[in-house]
Amino acid sequence: MAVCKNKKYVGRDVVLEYVIGCGDVLPAANEWKRFGAMRTKEFTAEWDSTDATADDSIGSLRENLATFLSLTMSGDGTLTLTGEGAANLKEMTKHFLNPVATSGQPVAWFRMTFPDLTFTAFMLLTSFSRSAPFDDVATYSMEATATASDFGLIVEDTPDPDAPAVTSVQVVPDTLPLEVGQTYDVEAVALPTSASQAITWSSSDTEVATVNAVTGVVIAVDAGTATITATSSADPTKTDTCALTVTAA
């Protein structure tokens, strides 16, 4: 039987998820929780700009320079009493009103997955509301604005559900000597190469070396040894490592 692929998609194919946590730790794959019973999801990004027009501007055109990127994720849905979605919404509502888990700031990680791209950012919940008309379903709405974190906005290709399964991960190099203060961009590939190439990184000892969880850039912090691990996001059981040795400068 032929399998027909859609050329377009509708809103229900888009998923909004969250993890309550801090901006210095990227959530693990099994920590994400989904907002339930959503009817709309909005992703909006725009650049702030500053006027750089001067007497050397060409063609009498105003010259603008981009400064900061503003990003919001928002949506609304129907309120339900039971199920995983209801429990998740209840948890997030409590967190917004009393964010003790994040030192008084109503922040959380948000991930919006479209069939083509996935957007992940650490965000500040700026509004949360409920509406309960007497002759219609009760609804909720929320909006979050991106704020500073150790990772910024992460934009990745959404894994193709028809892609082959990841069989292994290969890290290059498998051993790495660095001096304190040096950096190195460790590379990894998931095999087969037609499988999802989404990789997350971790360090066994952040006092010896840190690694950017998204890019794989290692920073040598102090003398010692550490293991840098690359994990397939599509299959967390598939990993490979780089043995790192840091010496004094």
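The values are calculated or read from the model by the stated rules, or taken from the named source; none is laboratory data. Keep in mind that this is a model prediction, so the values were computed, not measured. Cβ: placed from backbone, ideal geometry, glycine included. Neighbour counts: every protein chain shown. When the accessible area is computed, the model is the full protein with side chains, heavy atoms only, and any ligands, DNA or RNA have been set aside. Shrake-Rupley method; radii C 1.70, N 1.55, O 1.52, S 1.80 Å.
Some notes on this structure:
- Cα-centred dipole magnitude for segment 103-249, charges only on beta-carbon of K, R (+1) and D, E (-1), debye, nearest 20: 240
- Projecting label points 7 angstrom from Cα along Cα→Cβ for Asp55 and Ser168 puts them 6.8 nm apart.
- Among residues other than Thr245 with Cβ under 14 Å from its Cβ, the summed charge is -4 (Lys and Arg +1, Asp and Glu -1).
- Accessible surface of the chain, 1.4 Å probe, proportion on carbon and sulfur as whole %: 53
- Working ranking of peptides 32-43, 221-232 by packing, defined as the average number of other Cβ atoms within 10 Å per residue, highest first, is 221-232, 32-43.
- Spin-label model distance (nm) - Leu117 vs Thr193, 7 Å beyond Cα toward Cβ: 2.5
- Nearby lysines by direct alpha-carbon distance to Lys7 (threshold 30 angstrom, same-chain neighbours under 8 apart not counted): Lys33, Lys41
- Most positive-pole-ward Cα, Asn30, Tyr184, Asn212, against dipole of the chain from beta carbon charges: Asn30
- Leading residue at positive end of dipole, segment 1-158 (Cβ point charges), from Thr118, Leu97, Thr139: Thr139
- Accessible surface area normalised per residue over the chain is 59 Å², counting heavy atoms of protein chains with a 1.4 Å rolling probe.
- Segment Arg130..Val155, full-extension length gain: 6.0 nm, with 0.36 nm per residue of separation and the alpha-carbon distance subtracted.
- When you filter the chymotrypsin sites (Phe, Trp or Tyr not before Pro) in segment 137-232 for DSSP loop state and at most 13 other Cβ atoms inside 10 Å of their Cβ, nothing is left.
- Acute angle (nearest 10 degrees) that the helix 84-97 long axis makes with the longest principal axis of the chain, alpha-carbon atoms: 90
- Think of the chain as a dipole: +1 on every Lys or Arg Cβ, -1 on every Asp or Glu Cβ, centred on the Cα centre; then among Thr72, Thr40, Ser202, Thr40 lies furthest on the positive end.
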